[in-house]
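The values are calculated or read from the model by the stated rules, or taken from the named source; none is laboratory data. All values derive from a computational prediction rather than experimental measurement. We place every Cβ from the backbone using ideal geometry, glycine too, and count neighbours over all the protein chains shown. Side chains are part of the model used for accessible areas, which takes the heavy atoms of the whole protein and leaves out ligands, DNA and RNA. Shrake-Rupley method; radii C 1.70, N 1.55, O 1.52, S 1.80 Å.
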Amino acid sequence: MIQITLKGGTVKEYQEGISVADIAKDLSMGLYKAACAAKVNGAVCDLRTVLHANSEVEILTFDDPEGKKAFWHTASHVLAQAVKRLYPSAKLAIGPAIENGFYYDFDVEKPFLPEDLEKIEAEMKKIVKEGIELNRFELAPQEAMAKLSEMGEPYKVELAKEHADKGEHISFYSQGDFTDLCAGPHLMSTAQLKAVKLLNCTGAYWRGDASKAQLCRVYGTAFPKASQLEEHLTMLEEAKKRDHNLLGRQLGFFTTSDLIGQGLPIMLPKGAKVIQLLQRFVEDEEEKRGWLLTKTPFMAKSDLYKLSGHWDHYQDGMFVLGDENKDSEVFALRPMTCPFQYQAYLSKKRSYRELPLRYNETSTLFRNEASGEMHGLIRVRQFTISEGHLMCLPSQLEQEFKSCLELAIYMLKTLGLYEDVSYRFSQWDPDDRAKYIGTPEQWDEAQSVMQKILDHLEIPYKIGIGEAAFYGPKLDIQIRNVHGKEDTLITIQIDQMLAEKFGMEYVDADGTTKNPYIIHRTSIGCYERTLALLIEKYAGAFPAWLAPTQVKVLPIGERQHEYAQTIVEKLKAAGMRVEYDDRNEKIGYKIREAQLEKVPYMLVIGDKEAEAGAVAVRSRKEGDKGAMPVAAFIDMLTDEVQKKTPVSYTHLRAHETDSYL
């Protein structure tokens with residue numbers, strides 16, 4: 001007999017060789033039917049796993065993140081089985097679970113059309129109704145490659161070859177007439193996939209490499225209940241309405257041009273104004289906190305990047321000007337500012353008394369993103385970032401790191417994004433050392449120092465293996481867009497390697513020469529990405545302090561034009577961003593248009609207001625506020641702007657999105 005400790009601490013005895021699935025059945029048939037996977041001694045595993053020793057076991061359902069992953073991974077296999085039934089010549093690539101669903105990549109003669117997806121989805125529903133049992137089996141590497149070759153699956157053969165040198169057996173899952181190379185875990189049966197939906201189809205390169213085959217990627221999602229699927233699809237429709245790539249264009253924040261190129265957005269006056277406001281806010285706040293502004297070149301010789309390590313570790317992501325084989329000098333547009341600001345530090349000898357030394361810069365950067373990775377303003381090839389590099393003594397490191405984090409949190413709270421972020425402690429991958437500079441000992445030391453700081457500051461982080469910069473670990477502040485895709489908004493990094501490479505030194509109190517610690521940080525991240533997230537967060541209805549137009553003055557008729565013009569001049573003199581709508585249109589039409597443009601305040605001017613020297617105030621979020629003296633309105637808006645009052649997201653959902661999007 002073996003002892004099984006269940007979640008909550010209950011201990012039960014079972015015969016050796018019992019499967020996790022049978023334990024779930026013993027506990028309750030309801031749990032067994034809901035089970036998607038399990039954790040055995042903390043490791044996620046298949047329900048088919050057989051136990052031979054005392055173990056801790058937790059049954060995972062769709063309510064658990066790991067359970068969702070197994071559920072959606074099985075759905076991807078059902079998708080692949082449906083495609084193979086309908087299009088037998090299709091070649092299978094990969095089909096993982098992702099955030100909120102799954103995808104599968106296929107090599108097909110021509111991309112699937114919407115009507116093809118309907119047929120495939122119908123076939124998936126047939127497979128679910130059939131309630132096909134999934135079975136796991138393993139083969140030796142050579143047998144596995146032979147089987148996959150016989151199946152005519154070249155992409156799977158390539159994947160299997162990667163494991164051949166390790167000598168490990170390779171696992172497969174079969175379901176009826178379909179077999180796939182897969183590590184699992186998976187559901188016990190296709191019957192659990194009660195509600196499935198295919199969403200769309202895009203192109204994707206094999207292994208993300210533009211030089212390799214272009215595949216057809218089909219996205220989908222699935223749920224245990226039809227009601228959950230309906231709720232999810234409703235959320236997706238809401239997300240489409242808020243998608244900055246659609247809404248930002250509709251509201252006139254930005255545009256793009258095929259003549260200019262992908263990933264190179266054009267900021268229209270509204271978008272440019274918001275970014276200008278953000279930049280001024282950030283630079284003023286950084287100056288208050290002791291940061292010194294620098295302005296460095298957009299490009300440099302390859303020598304600088306070779307010294308920093310970017311040439312060896314990041315060249316594929318850079319725009320290189322020239323050919324090393326032909327040109328005496330080769331330049332590259334900068335992908336980051338750090339090596340440039342190091343030159344500012346190196347402009348003179350430094351004493352420990354000068355540290356910490358904090359350099360900030362509103363930097364324009366250039367990164368050669370793959371075409372399939374770019375999306376609106378979220379991921380672009382040219383962007384502007386609130387970058388900074390801080391050189392300090394070891395004794396100052398924790399306090400300075402804390403100060404950088406406090407600055408980032410202040411920015412997030414002011415913008416109304418604080419509740420939407422999470423934290424990732426990004427570490428190196430010791431199994432992929434070619435990606436990094438430095439020794440394992442240096443990485444262990446740097447990560448140990450950072451972990452101590454994060455734990456001391458009680459930051460609720462998750463660990464991301466392989467997500468570190470090539471020169472050091474970092475704290476990434478993560479945020480999701482309306483579609484659920486996670487991106488890094490702000491990053492704070494600890495670096496103890498590049499100071500030595502660049503010869504950055506200071507004379508310590510004892511007269512010895514030492515290398516400073518470097519903290520790389522952003523305070524608000526990439527301005528374009530931040531603008532995109534704000535458009536989506538507020539559905540384009542920016543808080544008054546950030547709104548490109550704060551007030552629209554709307555005279556009812558020509559008789560009020562002269563008085564309305566004086567109001568416009570007073571508002572401008574008070575520093576407010578005003579538009580004057582003197583068109584010969586009905587006042588209801590003008591108000592409706594201002595509401596659609598998400599303007600925070602409308603001032604309606606009729607005969608009564610002109611005679612009383614007042615304005616009729618209409619608020620975007622509160623409606624008609626009645627008449628008030630011009631000076632009172634100016635005081636009210638000035639106070640709101642100075643406080644940088646954020647807009648309530650729930651209020652927008654109730655009063656803005658449903659009515660005007």
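The table that follows gives values for the structure above.
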item	result
Paramagnetic reach from L596 (point 7 Å along Cα→Cβ, amide N under 19 Å) across region 533-559	539-542, 548-555
Electrostatic dipole magnitude of the chain [Cβ: Lys, Arg +1; Asp, Glu -1; Cα centre; debye, to 20]	1280
Charge sum, other residues only, whose C-beta stays under 11 Å from K474's C-beta, Lys/Arg counted +1 and Asp/Glu -1	-1
1.4 Å probe accessible area per residue over the chain, in Å²	47
Segment D420-N41, length gained on full extension (0.36 nm per residue, minus Cα span)	133.2 nm
Sites K402 and T10 - FRET efficiency at Förster radius 25 Å, r taken between beta-carbons, to 0.05	0.05
Estimated distance in nm for a label pair at A239 and D432, the labels positioned 7 Å out from Cα along Cα-to-Cβ	2.5
Per residue Cα convex hull volume in Å³ - calculated over region 1-126	128
Listed peptides 629-640, 81-92 by packing density, highest first (mean Cβ within 10 Å)	81-92, 629-640
Principal axis dimensions, the chain - Cα atoms, whole angstrom, descending	90, 72, 60
In degrees, nearest ten, helix 440-456 long axis to first principal axis of the chain (Cα)	60
Förster radius 30 Å - calculated FRET efficiency between Q343 and K644, Cβ distance, rounded to 0.05	0.25
Highest-first arrangement of 59-69, 149-159, 540-550, 512-522, where packing means the average Cβ count within 10 Å	540-550, 512-522, 59-69, 149-159
DSSP-defined beta bridges in the chain - what % are antiparallel, rounded to 5	85
Rg over Rh, two decimals, region 71-159 (C-alpha only, Kirkwood Rh)	0.97
Ordering of 38-47, 490-499 by packing [mean C-beta count within 10 Å, highest first]	490-499, 38-47
Within the accessible area of region 146-234 (1.4 Å probe), percent carbon and sulfur	48
Distance from region 277-305 to region 566-612 (C-alpha centre basis), Å	38
Accessible surface of region 320-446, 1.4 Å probe, proportion on carbon and sulfur as whole %	43
In nm, spacing of pseudo-spin labels at Y589 and S371 (7 Å Cα→C-beta vector)	4.4
Helix-only mean residue ellipticity at 222 nm for the chain, each DSSP H run of n ≥ 4 adding -39500 (n - 2.57), per residue, nearest 500	-11000 deg cm²/dmol
Folded to 0 to 90 degrees: helix 65-86 orientation relative to the chain principal axis, Cα	70
Extension gain (nm, one decimal) between Q228 and R480, 0.36 nm per residue minus Cα-Cα	88.6 nm
Accessible surface of region 456-595, 1.4 Å probe, proportion on carbon and sulfur as whole %	47
Assigned charges on the beta-carbon of Lys, Arg, Asp, Glu; region 499-638 dipole about Cα centre (debye)	380
Region 553-602 - Debye-derived log10 I(q)/I(0), Cα point model, q = 0.15, 0.16 Å⁻¹	-0.39, -0.44
Theoretical FRET efficiency, 1/(1+(r/R0)^6), r = Cβ-Cβ of L259 and K212, R0 41 Å, to 0.05	0.90
Distance between modelled label sites at D455 and K306, nm, 7 Å Cα→Cβ extension	4.2
Between helix 630-643 and the chain: long-axis angle, C-alpha atoms, 0 to 90°, nearest 10	40
